Amino acid sequence: MTQLPQVRRTVFGGEKIGMGFNSESGSALPSPFEGFTLQAGAPGGAGQQVIPTVTVVTTHEELQNALGMSFTANGRYGFFKESPKGMFAQRTRYNALSSFLVARVVVKNPIEHGKDFRLSKEATDLLHPTRLPEFRQKFGDSFVRGLQGGGELCAVVRITSMSVATQASLAATLQAELDGQQGPGSFDAAFLQANTAGDTSAESAAVMFRHTSLGPETWSPESVDEVIQHFREFPEFARSRPTAYETEVATYDTVPLPIPVPDESAAFVAALADARAKKLRYIQLKNDLEFARDKPAFYDAVPDANTVTGSINLYDQLIDAVTEYAVKLTTKEIAVPNPFNPALLTPPLAEPAPVTLARKTFSSTPDFSHVRLHRIIHDLQPFRSGERPM
């Protein structure tokens with residue numbers, strides 16, 4: 001058994017300070033408190049921060065981490081519940097052939113905390129040792145202690161080229177332009193150069209997520225230029241439209257109350273991590289097939305349409321099934337947690353037969369020496385309000 005961290009963050013889902021919280025399902029519950037006050041930041045505390053990151057990712061898990069959706073963070077349960085950011089993460093359509101760049105800007109205001117928490121009479125009556133299960137059922141094992149205000153912007157850009165070297169170079173050029181190491185128009189020039197020859201021709205696509213006082217929004221920008229523009233302008237945009245975008249959750253012993261920090265069995269954690277890993281795998285395999293179906297020019301051969309469509313449909317069923325399994329794990333509908341096994345479903349499912357997708361290759365190596373390579377992951381350091389990454 002392992003104890004949950006006393007304090008942790010999750011994607012904001014409309015919670016209010018003081019509400020109870022179920023750490024397994026990620027669900028907010030009624031508040032056990034009354035008469036507490038709100039405090040927006042500690043006296044003399046730090047002001048607003050703007051934290052931009054630009055990352056070229058090479059795995060689906062790296063993509064989740066770059067979006068702030070790792071298993072140990074928001075992806076623990078945010079990945080399974082239908083949160084706007086969780087749905088955006090799935091909409092990125094990560095596949096194994098393309099290069100993916102994640103540009104993220106987080107604007108943090110001083111966090112708003114609750115203080116002087118006092119239990120209501122109803123909650124106090126449930127603190128007797130024999131009634132603690134009732135307390136947890138009604139009010140959870142933790143509570144919402146604070147809300148992180150500000151805003152968040154995430155953009156995921158997919159770049160694919162007939163040439164592996166050109167594809168890597170284009171992703172690196174966009175990364176360098178976003179983090180200020182190359183001037184405006186660098187990516188456009190490199191992209192135009194790549195499309196002057198058939199053996200280096202490239203395509204790009206993007207999807208964006210923004211959370212401000214306008215609410216969570218997801219859209220597909222018309223161009224990479226639009227991504228760059230939003231990345232540059234978002235700090236000012238968020239300053240004029242601040243909102244809560246992240247929730248701080250704490251266990252009840254931090255108040256303090258005589259309620260033990262909740263334990264989690266290793267089997268539960270392992271089963272939940274396995275379900276998440278399988279869902280990411282099914283999503284990527286489905287995306288690989290959809291990309292091959294939609295962009296067959298990047299492959300030597302694509303299987304017949306019936307095979308591809310059948311496999312895509314089966315992966316859709318597997319994604320739905322493993323999601324439902326994960327929800328049942330978190331709500332304790334499954335008493336004995338085990339790894340997800342589609343063969344044990346009713347009716348049983350089986351993974352599609354592996355489909356070989358061979359990338360088209362060219363004998364010539366394109367000359368792309370005019371583009372500086374930046375294949376390292378680059379994270380800009382946090383800077384104070386008023387400083388811009390130019």
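Assorted remarks:
- The range 83-104: number of residues that are more than 13 Å from the chain's Cα centre (by Cα) and surrounded by 15 or more Cβ atoms within 10 Å (Cβ to Cβ): 6
- Selected residue (criterion: nearest to Leu63 (Cα to Cα)) from residues of the range 87-117 that are in contact with a Lys or Arg (Cβ under 8 Å, 6 or more places away or on another chain) and part of a strand (DSSP E or B): Phe100
- Filter pass, Glu152 being in the same structural domain as Leu29 (by TED's automatic domain parsing), modelled with pLDDT of 95 or more and under 19 Å from Glu248 (Cα atoms): yes
- Qualifying position, being under 18 Å from Val261 (Cβ atoms), among the β-branched types (Val, Ile, Thr), at pLDDT 95 or above and under 32 Å from the mean Cα position of the chain (by Cα), among Val157, Val144: Val144
- For the residues Ala205, Ala244, the requirement of being under 21 Å from Phe187 (Cα atoms), assigned by TED's automatic domain parsing to the domain that holds Phe139 and within 19 Å of the chain's Cα centre (by Cα) singles out Ala205.
- Meets criteria (over 29 Å from Glu226 (Cα atoms) and not hydrophobic (A, V, I, L, M, F, W, C)) for Thr124: yes
- Qualifying residue in the range 188-199 (condition: more than 25 Å from Arg232 (Cβ to Cβ) and assigned to a strand (DSSP E or B)): no
- In this structure, Lys279 qualifies as in contact with a Ser or Thr (Cβ under 7 Å, 6 or more places away or on another chain), among the charged types (D, E, K, R), surrounded by 19 or more Cβ atoms within 10 Å (Cβ to Cβ) and assigned by TED's automatic domain parsing to the domain that holds Ala335.
- Among the candidates Leu178, Leu132, Leu214, the residue that is closer than 30 Å to Asp253 by Cβ and either of a type outside the set (Lys, Arg) or free of Cβ contacts under 8 Å to residues at least 12 places away in the same chain (or both) is uniquely Leu132.
- Given (1) closer than 22 Å to Gln49 by Cβ; (2) outside any strand (DSSP E or B), number of the condition Phe135 does not satisfy: (1)
- Residue pairs meeting the criteria (Cβ under 7 Å; at least 6 apart or on separate chains; first under 20 Å from Gly146 (Cα atoms), in the range 250-271; second small (Gly, Ala, Ser) and surrounded by 14 or more Cβ atoms within 10 Å (Cβ to Cβ)): Ala250/Ser142; Thr251/Ser142; Tyr252/Ser142; Pro262/Ser23
- Yes/no for Pro216 being under 18 Å from Arg104 (Cβ atoms), surrounded by fewer than 21 Cβ atoms within 10 Å (Cβ to Cβ), in the same structural domain as Ser70 (by TED's automatic domain parsing) and touching a helix residue (DSSP H, G or I) at 6+ places or on another chain (Cβ under 8 Å): yes
- Residue in the range 259-277 that is among the basic types (Lys, Arg) and assigned to a helix (DSSP H, G or I) present: yes
- None of Pro339, Pro347, Pro352 is in contact with a Ser or Thr (Cβ under 7 Å, 6 or more places away or on another chain), at pLDDT 50 or above and not assigned by TED's automatic domain parsing to the domain that holds Met162 except Pro352.
- Search result, residues across the range 1-22 that are modelled with pLDDT under 85 and among the hydroxyl-bearing types (Ser, Thr, Tyr): Thr2
- The residues of the range 24-71 that are among the polar types (S, T, N, Q), modelled with pLDDT of 85 or more and farther than 28 Å from Arg239 by Cα, listed by number, are Ser27, Ser31, Thr58, Thr59.
- Summed over the range 218-247, the residues that are of a type in the set (Phe, Trp, Tyr) and either part of a helix (DSSP H, G or I) or on the phi > 0 side of the Ramachandran plot (or both) give a count of 3.
- Residues that are among the hydrophobic types (A, V, I, L, M, F, W, C), within 30 Å of Glu217 (Cβ to Cβ) and either at pLDDT 95 or above or outside any helix (DSSP H, G or I) (or both) do not occur anywhere in the range 118-126.
The values are calculated or read from the model by the stated rules, or taken from the named source; none is laboratory data. This structure is a prediction, so every number in the text was calculated from the model and none was measured. Using ideal geometry, Cβ is built from the backbone for each residue, glycine included, and neighbour counts are taken over all protein chains shown.
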